[in-house]
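To start, the structure itself, in structure tokens.
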Amino acid sequence: MDVEILSRIQFAFTISFHYIYPPLSIGIGLIMVIMEGLYLKTGDKVYETMTRFWTKIFALTFGIGVATGIVMEFEFGTNWATYSRYVGDIFGSALAAEGIFAFALESGFLGVLLFGWNRVSSKVHFIATIGVFLGSMFSAVWIVVANSWQQTPAGYHIVGEGIEARAEITDFWAMVFNPSSVDRIMHVWIGAFLAGAFLVLSVHAYYLVKGRYVELSKKAFKIALAVATVFSLSQLATGHSSADGVAENQPAKLAAMEGHFDSLAVADLYLFGWVDKEKQEVTGLGIPGGLSFLVHFDFNEPIKGLNYFPEDERPGQVNAVFQFYHIMVAIGMLLIGLTMFASFQWWRGKLFDNKWLLWAFVFAVILPQIANQAGWFAAEMGRQPWVVYGLLRTSDALSKVVTANQVLFSLIMFSIIYSVLLALFLYLLNKKIKHGPYDEKLIDKRPQQKEMVDVLD
């Protein structure tokens with residue numbers, strides 16, 4: 001493989017691995033705010049105990065997320081020097097804002113969140129929990145803003161020529177609120193809320209199946225189910241809005257997402273399928289004119305296809321973009337169906353009667369993660385051959401002195417290190433889940449004496 005392919009694989013690997021953890025932190029942060037808020041409102045110690053438990057898991061995901069994110073900053077300089085020079089002014093502003101407004105807020109309140117129990121008042125601790133949650137959300141904002149600028153550049157001008165060319169900000173707020181940033185921020189936030197909510201659902205569904213921490217787990221499960229139901233439905237709206245933005249600003253990406261080749265023709269909406277790039281056709285189940293309707297609310301309105309664009313300005317891996325996009329959509333619909341059915345059972349008073357439903361939530365924890373990864377891959381691969389859409393090609397963004405062997409060696413090294421980190425994360429997560437929110441041995445389980453004892457290591 002050449003340097004470009006290896007560098008793309010390396011960056012995709014590192015960012016995909018890193019992207020497991022920040023969504024979990026954001027989603028768990030929201031759940032913690034709700035749990036602790038309920039504790040302040042009701043005074044029920046059960047809510048305090050579950051908040052303490054999820055605070056520990058939040059700290060674990062936060063720590064691994066920080067460790068895995070550092071590598072990417074170095075990759076910009078080692079593998080993508082031309083890119084770094086080109087977008088340095090844009091990325092520098094966004095990442096500086098992340099450090100000042102987001103990471104400082106999150107890490108500053110994190111100490112109070114973790115070590116402030118019994119040292120500060122309940123209200124002060126709740127404020128710290130909110131601060132950590134908001135910090136994690138703001139961090140996502142600035143990262144997505146920087147990436148969205150690459151998708152839909154705005155508020156800049158180009159100075160210099162050739163290899164010395166670079167983008168400079170002319171309007172900071174136009175850069176921040178570029179045409180795709182708001183839609184993508186909302187989509188990423190909701191994906192994170194779902195990742196965190198489904199982890200909470202999975203853990204407490206497991207406890208309920210095993211008959212452990214029943215009182216606490218029923219309450220925690222209902223909190224997470226409410227969050228998951230609201231945001232799985234909300235993701236439909238943000239997804240549609242994002243697709244409309246892609247249709248307007250990146251029509252070649254939209255064409256790749258649906259395998260639409262005809263230069264200007266009515267476009268079908270495929271539920272699933274397989275794209276044959278050579279034959280320029282899709283084999284699968286589709287709704288005739290469905291994409292045209294979603295974009296224009298008219299089944300007969302033509303959509304620009306891949307053949308409308310020069311061959312060197314189209315995404316290269318059309319089938320991959322198609323599959324990743326449809327995996328994301330399919331999982332999104334599955335999450336809506338699962339949460340709506342569970343909510344209906346809750347309304348009927350039979351939420352915890354079906355063990356198969358609880359087992360479904362135990363294993364559904366992986367679905368939001370797959371959807372988040374698939375959506376990210378569809379967005380980034382669909383942008384190709386551009387690293388900055390319409391301005392800088394990926395092939396021109398590489399460092400000029402890095403060799404394929406060097407990139408391959410570092411890729412192997414990162415794979416080993418990240419595998420160890422993943423194993424460590426899963427081991428510690430499993431250990432915390434097995435231990436549970438409190439020590440069961442110290443609880444008298446007789447029905448007449450079920451009062452919760454607040455005991456934590």
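Rule-based calculations on the coordinates, nothing more; no lab input. Predicted model only: the values in this text are computed from it and were never measured. Glycine also receives a Cβ, built like all others from the backbone with ideal geometry; neighbour counts cover every protein chain displayed.
Percent of C-alpha pairs per 5 Å bin in segment 284-345, short distances first: 4, 14, 12, 18, 21, 14, 8, 4, 3, 1, 0. For the pair A165 and K123, label points projected 7 Å from Cα toward Cβ lie 5.8 nm apart.
Helix 366-383 axis versus longest C-alpha principal axis of the chain: approximately 20°, rounded to the nearest ten.
Exposure proxy for L225, L285: other Cβ atoms within 10 Å of each Cβ, ordered fewest to most, give L285, L225. What does the net charge come to around I190 if you take all other residues with beta carbon closer than 13 Å to its beta carbon, with K and R at +1 and D and E at -1? Counting the neighbours of I190, the net charge comes to 0.
Considering helices alone, the calculated mean residue ellipticity of the chain at 222 nm is -23000 deg cm²/dmol, with DSSP H runs of length four and up weighted by -39500 (n - 2.57) and normalised per residue. The ranking of Y213, Y206 by Cβ neighbour count inside 10 Å, starting from the fewest, reads Y206, Y213.
Taking Cα atoms, how many degrees apart are the long axis of helix 45-78 and the longest axis of the chain, rounded to 10 and kept between 0 and 90? Here the helix axis deviates by roughly 30 degrees.
Dividing the radius of gyration of the alpha carbons in segment 161-203 by their Kirkwood radius gives 1.33 for Rg/Rh. By the gyration tensor of its Cα atoms, with a ≥ b ≥ c the square roots of the eigenvalues, what is the shape of segment 130-275: rounded for a/c under 1.5, prolate for a/b over b/c, or oblate? Verdict is oblate for segment 130-275.
Starting from the coordinates of the alpha-carbon atoms of the chain, obtain the Kirkwood hydrodynamic radius over all distinct pairs and give the value in Å to one decimal. Computed over the chain, the radius equals 23.7 Å.
In this structure, the pairs whose alpha-carbon distance is over 30 Å, taken from K222/K253; K56/K253; K123/K210; K56/K123; K277/K400; K123/K355, are K222/K253; K56/K253; K123/K210; K277/K400; K123/K355. Approximating the spin labels as points 7 Å out from Cα along Cα→Cβ, the A104-to-A12 distance works out to 3.8 nm. The ranking of E73, E258 from fewest to most other beta carbons within 10 Å of each one's beta carbon is E73, E258. Here the contact order of the chain, divided by its residue count and restricted to Cα pairs under 8 Å and six or more residues apart, works out to 19 percent.
Backbone amide hydrogens, once placed in the peptide plane, bring G284 within less than 5 Å of W274, excluding anything fewer than 5 places away on its chain. Full extension of the chain between W346 and L233 yields a length gain of 39.0 nm, computed as 0.36 nm times the residue separation minus the alpha carbon distance.
Amide H to amide H distances under 5 Å link L269 with I287, G289, G290, L291, where only residues 5 or more positions off or on other chains count and H is placed in the peptide plane.
Taking each residue as 0.36 nm, the span from Q406 to T283 lengthens on full extension beyond its C-alpha to C-alpha distance by 40.2 nm.
Segment 340-397 and segment 177-214 have Cα centres separated by 10 Å. Couplings 3J(HN,Hα) for segment 299-306, derived from phi with the Karplus relation 6.51 cos²θ - 1.76 cosθ + 1.60 (θ = phi - 60°), are 5, 10, 7, x, 10, 5, x, 4 Hz, where x marks Gly and Pro.
Quote to one decimal, in nm, the extra length available between T42 and F172 on full extension: 0.36 nm per residue of separation minus the C-alpha distance between them. Intermediate values should be presented prior to the final figure.
Working: separation 130, 0.36 × 130 = 46.80 nm, distance 4.45 nm.
Full extension from T42 to F172 adds 42.4 nm.
What FRET efficiency comes out for S419 versus D298 if R0 is 56 angstrom and r is the Cβ-Cβ distance? Round to the nearest 0.05. Each step should come with its number before you reach the end.
Numbers: r = 50 Å, r/R0 = 0.89.
That pair, S419 with D298, gives E of 0.65.
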